[in-house]
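Here's the structure, in structure tokens; my notes come after.
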Amino acid sequence: MSNSIEIPFSTTLMVRDTCLCLHVQRAARALARLFDDALRPAGLTNGQFSLMMSLNRPEPPPMGPVAALLAMDQTTLTAALKPLQRKGWVVVMENPRDRRGRLLSLTAEGKAALARALPIWESTHAVLDRTLPDGGAARLRQDLQALSGVTVGTPKRSGSSRRPLRSGRTMGA
């Protein structure tokens, strides 16, 4: 005799049709592919474009605020910077005010690469904006920004690997 618990297939269909996480993940993957394909002639992925754009500031930013803006930890940011450093597009330098910290800066070549990619990004975005009718693109951006700051109280499982993020959000399984 089996003690396995059976979840009805109707539940699977309900989750498939209503799960916000699933739908956002699917949309994110589709958008990532679209922008990766569009930005390929400029030698960038969508993630590299976003990272480089986040460095386009009057003063070189520290790693922490860049990681927070991109919703990634500093280890992941460090790994994402490596190919851009190898191309000579980004420089990581010691922070003169805090030798433990690092500042990130676009090089002249990096700014040129970003300038070449920007019209591609703009035209790709214009197409997307037109596909979402009646102000849908602005509404979607607003909703996604609201969701990116959400903390939902869920019961912790024992031995859970959930840990609070610096922004107050929670990351985990």
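Here are a few things to note about the model shown:
- Residue 41 open to solvent by 70 Å² or more (accessible area, probe 1.4 Å) and on the phi < 0 side of the Ramachandran plot: yes
- Meets criteria (open to solvent by less than 60 Å² (accessible area, probe 1.4 Å) and under 25 Å from residue 140 (Cα atoms)) for residue 71: no
- Selection within the range 121-141 - β-branched (Val, Ile, Thr) and either open to solvent by 70 Å² or more (accessible area, probe 1.4 Å) or more than 19 Å from the chain's Cα centre (by Cα) (or both): 127, 131
- Output for the range 45-65, where each listed residue is in contact with a Lys or Arg (Cβ under 9 Å, 6 or more places away or on another chain) and among the aliphatic types (A, V, I, L, M): 52, 63
- Selection status of residue 117, aliphatic (A, V, I, L, M) and either surrounded by 14 or more Cβ atoms within 10 Å (Cβ to Cβ) or under 25 Å from residue 132 (Cβ atoms) (or both): yes
- When we screen 51, 84, 55, 103 for residues that are farther than 25 Å from residue 149 by Cβ, within 17 Å of the chain's Cα centre (by Cα) and in contact (Cβ under 8 Å) with a residue 24 or more places away in the chain, the only hit is 84.
- Screening residue 17 with (1) in contact with a strand residue (DSSP E or B) (Cβ under 6 Å, 6 or more places away or on another chain); (2) open to solvent by 80 Å² or more (accessible area, probe 1.4 Å) gives one miss only, at (1).
- If you go through the range 124-150 and keep only what is in contact with a helix residue (DSSP H, G or I) (Cβ under 9 Å, 6 or more places away or on another chain) and of a type in the set (Lys, Arg), you end up with just 130.
The values are calculated or read from the model by the stated rules, or taken from the named source; none is laboratory data. No experiment lies behind these values; they were computed from the predicted model shown. Cβ sites come from the backbone with ideal geometry, for glycine too, and all protein chains shown count toward neighbours. For the accessible areas, the whole protein counts, side chains as well, though only heavy atoms, and no ligand, DNA or RNA atoms are used. Shrake-Rupley method; radii C 1.70, N 1.55, O 1.52, S 1.80 Å.
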